[in-house]
Amino acid sequence: MGREKAVPMQQNIRITSHVTIVLTLLTALTALLLAGFMWLASVKVDDFSLTRQKGYVEQGLDEQVKAVQHELESVTAWNDAVLLVAKDDHPWIADNIGMWMHKYFSHDRTYVFNERDELVFAMRDGEDIAALTFLGDEKAAAALREDIRAALRKRTAPGDSNPPVLAEIFAEKILSIAGRPAVVSARPIVPSSDEVSLDAGKEFIAVAVRFLDASAVEKIARYARIETLHFTTDAAESTAAIPVMASAGSTLGYMAWQPIRPGLMLIEKIAPVGIAGIVVAMGVVIFLGRGLRKTTLDLSESRLALMRHRDQLEEGVRLRTTEIERQREELDRLLAQERHVNALQRQFVTMASHEFRTPLAIIDAAAQRLSRTKTTQKPEYVEEKSAQIRAAVLRMVDLMESILSAGRLETGKTTLKPERLSLAEIIESCCARQMDVRKSHRIHRDLSHLPQTILADRTTIEQVFTNLLSNAVKYAPQAPDIHIRTSTKNGMSYVSIQDAGIGMDAEDLPKLFQPYYRARSATGIAGTGIGLNLVKQIVDLHGGSISVESVLGRGTTFTVALPNKGPLANLIKRAA
């Protein structure tokens, strides 16, 4: 009897031991697979992150290189620079060329050569060099200077059917100076308008040098959001690097950094929890194995409990993986949004600076002419120059008012003050003001179909039609006829402004009223991209609508619809 009882007992012990071993091995294998999956996922995430980091660094480096010649253009295409460098006004050159390029653009060295290719000015690291010398960069500066001279001679060479444009002549190279990577750029100092003339062969040449291992690294690091970015000649010292290539094709060094590894960082954070979970799971398995001394039913129930626990762990992993993916997608979206906002800001600053600089140059030129001819001024001449000054001032006032109005609309600080007004009188006033500024165009208008008065805010409505008429004239330089047609229907007043100008692509029309957006056909024509957005917001505040029809090369038609009974009338009608 004892032996008969001992046999089943031993069998139960062996079964329990086998089950315990099997379950322990299964748990260990599950933990190993889970760890392997997490490691593989982290490696993939880290590789993707490293690729993006390299892309940002390469883009930042490319922008720093391209920026040198554009920054140099800001002081070489300038009437004052042409006049004052020719007079050898050293204090002016030092303040407005040398110190400006160093302080605001972080250029390390600036040189100016006269028409005989003699060095007349040198500044290094913000210090005016009295004894005009070079510092390891004479050969590079001389080579670019000769390239500029060759382009200038080609421009005046007889028989050349396609000479280079004077303002577009420049030369640029990436090379090593005293073992340091540098961008060297050269441009001729030329007039920015026809107010100043410059004889061929009399051009001064400015040369700028920016080292890529100094302030440029800091700017690239800020752009790419990589704090450890630095320049080195040994790529092996860092696990992430991109080469800095010379214009001749050789490698000058590397932009290197310690890569950001989000996958590894995540594993480091969750590893303690994972190990603790594995330990707990192993303890549970051992405890269940020792307790399996009952019937086969108890064994089955224990195994089912273990399987349920395993499913819970897998579900937790799946949920965590899904959350990681969601966070990555959100990060990508935010990064794309930030790059888009930065691009819009840079584009707006560039366009606004150009828009302010042009009327200021007109005012300055007209004032200088009036000052030079004090004793021989004729009334007609004074009237002409005064009209130029007034037109430039009105252009600046309109631009400033558009910017301020756009800001007020975006911040919700604009409040409409509706009053009974004649829409026809407002349009006539805007036409008269436009004709006073642009006498080259004719505005044909039929305002007979408008009601006697409507309820609207006078100031903002004037801004709407001033913007639309200004655009019609500006984008139709070769088509002097502008047509204004009106109609009234269902309590709405419709005003259409049609030009026969350059027109737009159909792809540009849906984006036309977005802030700072400009149609591709407007390239080369001054503008900030805020006017139509301002018009759209004002019309919407009045409960109206604006639409546009355009064909590339055939012109554009804008149609404004305003409720006759004021801003609330159309909104109430829509709600009903």
Revision key, fill the gap. Taking the range 515-557 and keeping only residues that are over 30 Å from LYS417 (Cβ atoms) and in a helix (DSSP H, G or I), one is left with ARG520, SER521, ALA522
Check your understanding: Filtering the range 157-198 down to residues that are among the hydrophobic types (A, V, I, L, M, F, W, C) and open to solvent by 70 Å² or more (accessible area, probe 1.4 Å), which residue is nearest to ASP147 (Cα to Cα)?
Key -> PHE170
Exercise for review: Could you figure out which of (1) on the phi > 0 side of the Ramachandran plot; (2) outside the structural domain of ASN79 (by the TED database) isn't true of ASN162?
Suggested key: (1)
Check your understanding: Restricting attention to the range 67-76, does a residue exist that is assigned by the TED database to the domain that holds ILE174, acidic (Asp, Glu) and either modelled with pLDDT of 85 or more or in a helix (DSSP H, G or I) (or both)?
Key -> yes
Practice item. Report the residue count in the range 205-250 for those that are of a type in the set (Phe, Trp, Tyr) and either in a loop (DSSP other than H, G, I, E, B) or open to solvent by less than 20 Å² (accessible area, probe 1.4 Å) (or both). Key: 1
Review point. Hey, any hits in the range 144-153 for a residue that's in contact (Cβ under 8 Å) with a residue 12 or more places away in the chain, open to solvent by 50 Å² or more (accessible area, probe 1.4 Å) and within 33 Å of the chain's Cα centre (by Cα)?
Key: yes
Check your understanding: Within the range 470-486, how many residues are under 13 Å from ARG438 (Cα atoms), open to solvent by 50 Å² or more (accessible area, probe 1.4 Å) and at pLDDT 90 or above?
Key -> 1
Check your understanding: If a residue has to be farther than 15 Å from ILE226 by Cβ and open to solvent by 60 Å² or more (accessible area, probe 1.4 Å) to count, how many in the range 251-263 make the cut?
Key -> 1
Practice item. Please go through the range 79-110 and pick out each residue that is within 22 Å of ALA200 (Cα to Cα) and open to solvent by 10 Å² or more (accessible area, probe 1.4 Å). Key: ASN79, ASP80, VAL82, LEU83, LEU84, ALA86, LYS87, ASP88, ASP89
Check your understanding: Considering only residues of the range 111-141 that are more than 24 Å from PRO91 (Cα to Cα) and open to solvent by 30 Å² or more (accessible area, probe 1.4 Å), which is modelled with the highest pLDDT?
Key -> LYS139
Check your understanding: When you look at SER49, is it open to solvent by less than 40 Å² (accessible area, probe 1.4 Å), modelled with pLDDT under 85, of a type outside the set (Lys, Arg) and out of contact with any Ser or Thr (no Cβ under 9 Å at 6 or more places or on another chain), yes or no?
Key -> no
Check your understanding: Only one residue in ILE174, ILE148 is outside any helix (DSSP H, G or I) and under 24 Å from LEU135 (Cα atoms). Which one?
Key -> ILE174
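The values are calculated or read from the model by the stated rules, or taken from the named source; none is laboratory data. Treat the numbers as computed from the prediction; the structure is a model and nothing was measured. Note: ideal-geometry Cβ built from the backbone for every residue, glycine included; neighbour counts use all protein chains shown. Surface areas here come from the heavy atoms of the whole protein model, side chains and all, with no ligands, DNA or RNA. Shrake-Rupley method; radii C 1.70, N 1.55, O 1.52, S 1.80 Å.
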